[in-house]
Amino acid sequence: MITEAERFDVKHPSLCPHLRWKSFFIETDNDPTVPPTNSGNFWCVYTHNCLGPDRELAEPGNCVSAERACYGTGRVG
């Protein structure tokens, strides 16, 4: 079982390049006095919803493994 921090870690070095989230499009400097506003809303650029092409949940904790069928390509199989 992974922790919540690992589940939503958008800075993971192996994160699929096709996963998106709202703050992905916002360029601001990190302000340590402001609490994080991670909404937990993630989507795949191939399906445009919260499920990847393999019908598994598209979120950082699931989208960091090259063992996932759609990882990096959007293709299943």
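Observations
- Modelled label positions at Val76 and Ser14, each set 7 Å beyond Cα in the direction of Cβ, lie 2.2 nm from each other.
- Karplus-derived 3J(HN,Hα) values for segment 64-71, using 6.51 cos²θ - 1.76 cosθ + 1.60 with θ = phi - 60°, are 10, 10, 5, 6, 6, 4, 9, 3 Hz; glycine and proline are entered as x.
- Annotation for segment 42-77: trypsin sites (Lys or Arg not before Pro) lying in DSSP loop with at most 14 further Cβ atoms inside 10 Å of their Cβ are Arg55, Arg75.
- GNM flexibility winner over the chain from Cys63, Cys50, Cys16 (Cα, springs under 10 Å): Cys50
- Zero-based 5 Å bins, Cα pair distances in the chain, whole percents: 3, 16, 26, 24, 16, 8, 4, 2, 0, 0
- Here the Karplus relation 6.51 cos²θ - 1.76 cosθ + 1.60, evaluated at θ = phi - 60°, turns the backbone of segment 8-23 into coupling constants of 10, 6, 7, 9, 4, x, 9, 4, 4, x, 9, 8, 10, 7, 4, 6 Hz, with x for every Gly and Pro.
- Gain on full stretching of the segment that runs from Thr47 to Lys22 - 0.36 nm per residue minus C-alpha separation: 7.4 nm
- Gain upon complete extension [Asp29, Ser65; 0.36 nm per residue less C-alpha separation]: 10.1 nm
Bear in mind that the values in this text are calculations on the coordinates, not laboratory data. What you see is a predicted model, and the numbers here were worked out from it, not measured in a lab. Because the Cβ atoms are built from the backbone with ideal geometry, glycine has one as well, and the counts that use them run over all protein chains shown.
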